[in-house]
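A quick write-up on the structure given underneath.
The values are calculated or read from the model by the stated rules, or taken from the named source; none is laboratory data. It should be emphasised that the depicted structure is a prediction, and the values quoted were computed from it without experimental measurement. Because the Cβ atoms are built from the backbone with ideal geometry, glycine has one as well, and the counts that use them run over all protein chains shown. Accessible surface is based on the protein model in full, side chains and every heavy atom, while ligands, DNA and RNA are left aside. Shrake-Rupley method; radii C 1.70, N 1.55, O 1.52, S 1.80 Å.
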Amino acid sequence: MKKYIYLTAVSSLFVLGACADDFLETEPYTEQVIENFYKTPEDAFQGLVATYDILQREAYGTTLLISEQASDDCFGGYGIADGQADLEWDRFQYVTDKDMNSLVWKTGYQGIYRANVLLENLNKVKWGTNTALKTKYEAEARFLRAHYHFQMAKMFGDIVALDHTITSAEYLSPRSSAETTYKLIAEDLKFAADNLGNDNYSQKGNANFGRITKWAAEAYLARVFLFYTGVYSKADLAGVVTKAQATTYINDVVNNSGHNLVSDYKNLWRAATTSTDFAGEDNTEMVFSVRYNGSGNGDWNLHEGNRFQVDIAPRGGSIGNYSSGWGGATVNPKLVNAYQSGDTRKTASFIDFVGEGLAFDPVKREQRQYTGYSWKKYCPVVGEEATGNFQIDNVQDYAIIRFADVLLMAAELNLDSNSGFAQTCLDRVRDRAFKDTAHRVTVTKAAVMNERRLELALEGLRYFDLLRQGLDVTKSAIDNTDTNSEFNVTFRKETLGWFPLPQSQIVLSNGAIKQNPGW
């Protein structure tokens, strides 16, 4: 059997796909196959870029959007005639679409497969004396493999952990234990953190902006450590990383990475500021982000543009400075009201239709679950719309790890061992938010978690921050009772916080994979 690789230049990315041909025994002359492709460092680079390429598919509205709808910060939203899945994510139901989470599953395993193909073929490449380049590519690929695993594991709980491309005999493999999955994730991230150099690509116009760095790997290790130890009540990260090590890694990012906070919070988000004040996507605060561009130019077969932005933009046409979208994930007023007076993050994060004097008529626009608030973060801007198709060619990058998140993780991890440093990290975030030093609060676990909600609102972290505090905390935050039943939500602890697996994958596994509890 030969596995074919078709190479197509897409902007600056290469897209690799694979298929099989059972009858062809000779080496083909017109197509590249895995068996004859990996020969030069340039071949390896194409394989690496193909692994990165899957990142762009995360902004279809998968983990980011679903987790925000499930959290206490958003409702389902969209239009009154739209499908019910978005309401079901919001309300912890599983009725109309048994494959409602299939895109998360498929995208994750596409990325894992591409990473494993590259990693298994690095030794075939003629590196010459440039073994450092091989190590760099291995570190980046292993980081990405860890990322794709974690994206699924934090949503589904137990998944099938894969450190190699599977054979037909493994197609019906059961799910791995959490410890097995997180051990692989931790080992991959640790390898990346320990083997990448001190490069920081966040300078304006740096051609490598968006590539994995040592600092991204160290920060990601801290994120995974906090989630795993919190959700599973463990003292360390699957026996690979201790709390002391996780603290050392995150402190290294704070002290030595060269990353910093942008001076004005609103300048992080294009819709919250002017084009001249916008910090740009390649700014010092971005430790790890997914890059987008409009080069797809309306081609649905390409995946260059941000397909998430249209989901949360105002429904029914542009209004004010905000471009048109579908009105998904309407913002819970409880989140907006959680901000203190003077906190600049409030007006930078949310569109306040009434407060901004915007004549948004939810009836005429057929907006479901209208709350008066929607996302300003990531909202496309009038006059800067995507070229090609406004649904798929938006260009704003998706920030996975910001330096503000690094500071808050450092505050949390240093609480017991270095409270002074923890206080300093929390102060830096609040000082930027209020533009003064008069709003500092004493650093505690509760203070850090509250600050995470305010600082990182609508960035895909809230639901998972709740889970790692326990199911009682999660339920207390998410349960919502309103005089209007449209907004009633009941978190079901019997699900353990995990989302339902795609039914198609359970069927394809011939029963080897079982559905999550409560679904």
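Numbers for the structure displayed
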{"read-out": "Rh by Kirkwood over Cα pairs, then Stokes-Einstein D for region 325-376 at 0.692 mPa s and 37 °C, µm²/s", "value": "282"}
{"read-out": "Nearest-ten-degree value, helix 403-413 long axis tilted from longest Cα axis of the chain", "value": "90"}
{"read-out": "Extreme residue, positive dipole direction of region 309-441, given options Val363, Ser349, Ala386 (C-beta unit charges)", "value": "Val363"}
{"read-out": "Cα-based radius of gyration of region 34-92 once divided by 2.2 N^0.38 Å, which approximates compact folds", "value": "1.84"}
{"read-out": "When the chain is reduced to its Cα atoms, the Kirkwood hydrodynamic radius in Å", "value": "23.8"}
{"read-out": "Share of alpha-carbon pairs per 10 Å distance bin for region 92-138, given as whole %", "value": "21, 31, 20, 14, 10, 3"}
{"read-out": "Charge dipole (debye, nearest 20) of region 440-519; +1 at Cβ of Lys and Arg, -1 at Cβ of Asp and Glu", "value": "300"}
{"read-out": "Under the Debye formula (equal points on every Cα, no solvent term), log10 I(q)/I(0) of region 395-467 at q = 0.16, 0.18, 0.22, 0.26 Å⁻¹", "value": "-0.54, -0.68, -0.97, -1.24"}
{"read-out": "Stokes-Einstein D for region 153-306, Kirkwood Rh over Cα pairs, 25 °C, 0.890 mPa s (µm²/s)", "value": "136"}
{"read-out": "Residue-span extension gain [Ala169 to Glu35] - 0.36 nm each, minus C-alpha spacing", "value": "46.2 nm"}
{"read-out": "Amide hydrogen neighbours beyond the local backbone of Gly325, cut-off 5 Å, H modeled", "value": "Arg315, Gly316, Gly317"}
{"read-out": "Alpha-carbon centroids, region 312-380 and region 111-146: separation in whole Å", "value": "43"}
{"read-out": "Calculated FRET efficiency for the pair Thr344/Ser177, C-beta based, R₀ 45 Å, to 0.05", "value": "0.50"}
{"read-out": "Rounded accessible area per residue of region 111-185, 1.4 Å, Å²", "value": "40"}
{"read-out": "0 to 90° range, to nearest 10: angle between helix 445-455 axis and the chain longest Cα axis", "value": "90"}
{"read-out": "Where trypsin sites (Lys or Arg not before Pro) fall in DSSP loop in region 474-519, at most 14 other Cβ within 10 Å", "value": "Lys514"}
{"read-out": "Cβ-derived FRET efficiency at R0 45 Å, Lys106 paired with Ser263, nearest 0.05", "value": "0.65"}
{"read-out": "Rounded percent of accessible protein surface that carbon and sulfur make up, region 449-519, 1.4 Å probe", "value": "51"}
{"read-out": "Using alpha-carbon coordinates, inclination of helix 419-434 to the longest axis of the chain, degrees", "value": "60"}
{"read-out": "Shape parameters for region 180-248, alpha-carbon atoms, Rg then Dmax in Å", "value": "13.4, 43"}
{"read-out": "Where labels lie 7 Å past Cα in the beta-carbon direction, separation of Met449 and Thr481 in nm", "value": "2.2"}
{"read-out": "Label-point gap, in nm, between Ala235 and Ala359 - each point 7 angstrom along Cα→Cβ", "value": "6.6"}
{"read-out": "19 Å tail of the calculated P(r), region 329-411, as % of Cα pairs", "value": "55"}
{"read-out": "Estimated FRET transfer efficiency when R0 is 25 angstrom, pair Tyr201-Asn123 (beta carbons, to 0.05)", "value": "0.35"}
{"read-out": "Estimated Rh, region 436-519: Kirkwood, alpha-carbon pairs, angstrom", "value": "15.8"}
{"read-out": "Listed pairs Lys154/Lys334; Lys154/Lys204; Lys190/Lys376 exceeding 31 Å between Cα atoms", "value": "Lys154/Lys204; Lys190/Lys376"}
{"read-out": "Rg/Rh ratio calculated on Cα atoms of region 243-375 (Kirkwood radius)", "value": "1.03"}
